[in-house]
Amino acid sequence: MNRIPVQEVRRSLQIRILRHNPHDPASKPCLQTFELEEAESMTLFIALNEIRQTMDPSLQFDFVCRAGICGSCGMIINGRPGLACRTLTRNLPECITLAPLPGFELIGDLSVNTGKWMRGMSERLETWVHQRDLDRADIDQLEERMEPDLAERIYELERCIECGCCIAACGTARMREDFVGAVGLNQIMRFRLDPRDERSDADFYALVGDESGVFGCMTLLGCEDYCPKDLPLAAQIAFLRRRMVATGA
Amino acid sequence: MEIIYTDVLVIGGGLAGQRAAIGAKRRGHETIVLSLVPAKRSHSAAAQGGMQASLGNCLGASGDNEDIHFADTVRGSDWGADQHVVRMFTHTAPKAIRELAAWGVPWNRVQRGEHEITVDGQKRTIAESDAAHGLITSRNFGGTGKWRACYVSDGTGHAMLYTMSNQAIAAGIPVHERMEALALIHDGGRCCGAIVRNLQSGKLLAYVARATCIATGGYGRIYRVSTNAVINEGMGAAIALETGIASLGNMEAIQFHPTAIVPAGILVTEGCRGDGGLLLDAAGHRFMPDYEPQKMELASRDVVSRRMEEHIAAGHGVQGRFGEHLWLDIRLLGKAHIERNLREVKEICHYFLGIDPVRDLIPVRPAQHYSMGGIRTDHRGQSPQLRGLFAAGESACWDIHGFNRLGGNSVAETVVAGMIVGDSIADFCDSPEGELQVSTALVEEFGQRERQRLAGIGSGNGGESAFELTRLMQDTMTGNVGIFRHGDRLREAVDTLQELQCRAANITLRSSAPGANPELVAAYRLQRMLKLAQCTAYGALQRTESRGAHYRADYPRRNDGEWLRRTLATWPAPEATLPSLDYEALDIMTMELPPGWRGYGDKDHIAHPDTERRKHQISAALAPLGDSADRYTRQQALMPFEHLLPPHLRRRNQRLGDES
């Protein structure tokens, strides 16, 4: 009888959370353990809300869509970056350790300021379609045509939700605060692919042709391993690096 | 108190807010956007299946135009919509989508040649023309005469929001993230900005603005089972209500989406059914054709949700661990289609249900999804009662959805409203009315009031828990103000909500942590949400008819004679426990499309005497034009609307085959 028995007894989960409130001068970072009974189909979204509602109302964390699409709830789950909202507790051991994503300013407990970081990245890499007279585009006439396959390839890269998991999983980002990370390099690839963006490779080189950009990557592949959207980040970075070497030479 | 001065303050960083901000900024007005969360995490990102715009490019869309989109939307609304505004909307939607196409949204495109599609459970082969190749394609959605939902796989809202946010960044528009507006500053007739709480530090500050625009989305979280993001607590609508001056329209008009997964309540797109997916019961029987022979799975959402609940009540639901549900079957669409066009659905099924929709059935049941009601505005987005206050998107009621919104019309509305209202804000700022005289004493008075409210919550010793009361409110709304409503249950809900409002005054906080203090946030939002919940429940109790998503089991017929009226709710005094309701009649004699049968759902309704008169009037107006008059001339003869649009949005939309 090599069958796994049906789990009938509900597990008691020990959830250890790295706590710290930078707005409280008395607060010192520490791990705090909460015990709660596991429920059917419980996600970390459900578990953390239960802890806040019944045990510690001061616990800080971020959820918005709770459906794995908005990228708010990236955190370190048993040592690995991931989206908490779509992580089922049944796929984790009884002891679950949660910590805020490293690489971002801490707001409190599990809440970090990915928004500020991502806005800075967008401003620096100018992650928008650059086209002269865009504000005078003729919107009454038929739209410009695009090959269906190209539109799908752009969307493939556009699926990034800026959750920050790739930054938390990145060796270079640990060492270089100014590293744009896989999220930034992927954006460059997305706009480079887009015929509506008039920038040339030389323009992109000026943005990412150094160690804070594409040449900072050490190919550790943590970004791709932990990307919740399974974006082909390593291939994008490798391709971009070849293009930038050719452009810079 | 710190005061920040700006020309335009936009509260809400989703599609509507950011598009309005871009519009105002382009016209030279300094604009700041406030957002509860980083703007790209707004709930707009959750729109999956598509945006309606009558481009008419692909085969299933051929022949589509503004007229058909208009008629679909009005029928969808069960004649609750403002038809002038619907005309403005359907005319501007193709422009909105083309603007987004130019800005970078990777809309799916028409591929020439043969394709296999799934219609009515059968495979069919169609061929797209060479002429349409590379133009924006579209898919079928409920309640529409054509394939009109333009899409980016099933991440449409995400792609739109990222493009919009990036354009706002390019325009240099600051987004003050993690900021929550607690109150509108006003002098009784003119809105002058807002008192705002920093959700990181807990500090209060004031934004003084010549024009203030609320674009904070819906209030779905007053319900326990909702597809909405956790931030959709309606705080924008609530602070407008708390002025005691601005009114909220049709708050009882709440949409329930047919396909939320069980138990998480997460949405799977209407595109599943649009692309050919079916609804099955416990016996594996496809039941929708039994109820709705015309539109089947693709009747409007209110009708499909009601039929599903009816079918469950008749004993055909699947008994699951989390109660009863039905099945959504998209297996017949095939692996390739699902992995290309329904990839978010596949991901959601994988992570939350542990199933693969290529092989498995998806457990679904209707859940709260959309708020048709919101801040009442005129056709240019301004509050008729409070000058300088604007609203756009789901938080507004200007009112294109009436009592039921069509799928794909929400993201379309956000961008169209942003375009029109952004311009209208700029016009306002450019006019003498846009000048603002405000004393710092007034600002300080509002700041002081909010400071005292927050302190009052903190010092209470009544022992009530904000989290517990929130749960009770949500249970009441889901239990008593849901898909099937009844006078007795609604009265019970109104009583319970009044009681909860009293109890909410006795909340005790267990935490006094400096900074954001999530418990305090829950407490002050609850007090405001209870008012929205009460507007919804009380409005539903008073409306003794069934219209669109508002279905009264004790008044099952639509009653145009008495209820072709929009509910307007105001909050008379801070300590009041019920809203004041007023009604605004919809004038059939100005309608382009007089009330009738929607083409799905119940045929039986009580007609208004004006309906026949208007029909005769329309025939008389069209007769002299003869059969040769084009559709623009005929439309113009019935209900002119172009003059209501900003001049640069008035031109006709070119389509495939039109002379350019």
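Is the stretch B:30-117 best put as rounded, prolate or oblate by its Cα gyration tensor, with a ≥ b ≥ c the root eigenvalues, rounded for a/c under 1.5, and otherwise prolate when a/b is larger than b/c, oblate when not? Cα axes put the stretch B:30-117 in the oblate bin.
The local environment of B:Ile266, defined by Cβ-Cβ distances under 11 Å, has a net charge of 0 under the rule Lys, Arg +1 and Asp, Glu -1. From most to least packed by mean Cβ count within 10 Å, the peptides A:98-106, B:97-105, A:117-125 give B:97-105, A:98-106, A:117-125.
To put it simply, the accessible area of the stretch A:100-249 at a 1.4 Å probe is 51 percent carbon and sulfur.
Interface burial in the stretch A:102-127, defined as at least 20 Å² less accessible area with all protein chains than with the chain alone at a 1.4 Å probe, covers A:Ile107, A:Asn113, A:Gly115, A:Arg119, A:Ser122, A:Thr127.
Surface calculation, 1.4 Å probe, protein heavy atoms: B:Asp275 sits at approximately 20 Å² accessible. For q = 0.09, 0.10, 0.13 Å⁻¹, what log10 I(q)/I(0) does chain A give under the Debye formula with an equal point scatterer on each alpha carbon and no solvent? The Debye formula, applied to the Cα set alone, gives -0.49, -0.59, -0.88. Karplus-based coupling profile of the stretch B:305-311, in residue order and whole Hz: 4, 5, 4, 5, 5, 4, 5, with θ = phi - 60° in 6.51 cos²θ - 1.76 cosθ + 1.60 and x standing for Gly or Pro. Ellipsoid fit via the Cα gyration tensor, the stretch B:336-381: semi-axes of 35, 14, 8 Å, each the root of five times an eigenvalue, largest first. Summing +1 for each Lys or Arg and -1 for each Asp or Glu, what net charge is found among the other residues whose Cβ lies under 12 Å from the Cβ of B:Arg27? Charge balance in the 12 Å sphere: -4. One equal scatterer on each Cα of the stretch B:570-660, no solvent, Debye formula: the resulting log10 I(q)/I(0) at q = 0.11, 0.13, 0.17 Å⁻¹ is -0.59, -0.75, -0.99.
Near B:Ala549, once Lys and Arg are set to +1 and Asp and Glu to -1 for all other residues with Cβ below 11 Å from its Cβ, the sum equals +2. Heavy-atom surface analysis with a 1.4 Å probe gives chain B a carbon and sulfur content of 49 percent of its accessible area. Spatially, the stretch B:600-642 and the stretch B:127-154 are offset by 29 Å when compared through their Cα centroids. For the cross-link pairs A:Lys229/B:Lys531; B:Lys123/B:Lys346; B:Lys25/B:Lys203; B:Lys95/B:Lys531; B:Lys40/B:Lys531; A:Lys28/B:Lys203, the ones whose C-alpha atoms lie over 32 Å apart are A:Lys229/B:Lys531; B:Lys95/B:Lys531. All distinct Cα pairs of chain B go into the 1/r average, and the inverse of that average, the Kirkwood radius, is 25.1 Å.
Protection proxy ranking, highest mean first, for peptides A:188-196, A:241-249, B:384-392, B:587-595: B:384-392, A:188-196, B:587-595, A:241-249, where packing is the per-residue count of other beta-carbon atoms within 10 Å, averaged. Distance from the Cα centroid of the stretch A:174-249 to that of the stretch B:160-230 is 33 Å (rounded to whole angstrom).
With r defined as the distance between the Cβ atoms of A:Arg153 and B:Arg565 and R0 fixed at 60 Å, what FRET efficiency is calculated, to the nearest 0.05? In this case the efficiency is close to 0.75. Residues of the stretch B:129-147 whose accessible area (probe 1.4 Å, heavy atoms of protein chains only) drops by at least 20 Å² once all protein chains are present, relative to their chain alone: B:His133, B:Gly134, B:Leu135.
Three principal axis extents describe the C-alpha atoms of the protein assembly as shown; from largest down they are 79, 75, 69 Å. Here the Karplus curve 6.51 cos²θ - 1.76 cosθ + 1.60, taken at θ = phi - 60°, turns the phi angles of the stretch B:478-484 into couplings of 5, x, 10, 10, x, 6, 9 Hz, with x standing for Gly and Pro. The distance between label points at B:Asp430 and B:His176 comes to 2.7 nm (points 7 Å beyond Cα on the Cα→Cβ vector). Note on A:Thr219 and B:His616: their simple-model spin labels are 8.4 nm apart, each label 7 Å out from Cα toward Cβ.
Taking all protein chains as shown and a probe of 1.4 angstrom, B:Leu241 keeps an accessible surface of around 0 Å². Would you mind pulling out the separation of the Cα centroids of the stretch B:471-525 and the stretch B:328-407, in Å? The two parts, judged by their Cα centres, are 25 Å apart. Calculated [222 nm] ellipticity per residue, helices only, for the protein assembly as shown: -10500 deg cm²/dmol; basis is -39500 (n - 2.57) per DSSP H run with n ≥ 4, divided by all residues, nearest 500.
With all protein chains kept in place, the per residue accessible area of the protein assembly as shown amounts to 35 square angstrom at a probe of 1.4 angstrom. Jot down the per residue volume, in cubic angstrom and as a whole number, of the convex hull over the alpha-carbon atoms of the stretch A:12-112. In the stretch A:12-112, the Cα hull volume divided by residue count equals 97 Å³. Burial annotation for the stretch A:183-201: residues with an accessible-area loss of at least 30 Å² between the isolated chain and the complete set of protein chains, computed on heavy atoms with a 1.4 Å probe, are A:Arg196. Across the stretch A:147-248, Cα-Cα pairs farther apart than 20 Å form 34% of the total.
Averaged over the residues of peptide B:149-162, the number of Cβ atoms from other protein chains lying within 10 Å of each residue's Cβ is 3.
The stretch B:113-192 has equivalent-ellipsoid semi-axes of 43, 18, 12 Å, by the square roots of 5 times the alpha carbon gyration tensor eigenvalues, sorted largest first. With a 1.4 angstrom probe, the accessible area lost at the B-A interface totals about 6400 Å². Here the Karplus relation 6.51 cos²θ - 1.76 cosθ + 1.60, evaluated at θ = phi - 60°, turns the backbone of the stretch B:594-610 into coupling constants of x, x, x, 7, 7, x, 7, x, 5, 8, 7, 8, 8, 7, 8, x, 5 Hz, with x for every Gly and Pro. Rounded, prolate or oblate for the stretch A:168-212? Axes are the square roots of the Cα gyration tensor eigenvalues, ordered a ≥ b ≥ c, and the cut-off for rounded is a/c under 1.5. Oblate, since a/c reaches 1.5 and b/c is not below a/b.
The values are calculated or read from the model by the stated rules, or taken from the named source; none is laboratory data. Here the structure is a predicted model, which means the values were calculated and not measured. In this analysis, Cβ positions are derived from the backbone assuming ideal geometry, glycine residues included, and neighbour counts consider all displayed protein chains. Please note that ligands, DNA and RNA were not included when accessible areas were found on the heavy atoms of the full protein model with its side chains. Shrake-Rupley method; radii C 1.70, N 1.55, O 1.52, S 1.80 Å.
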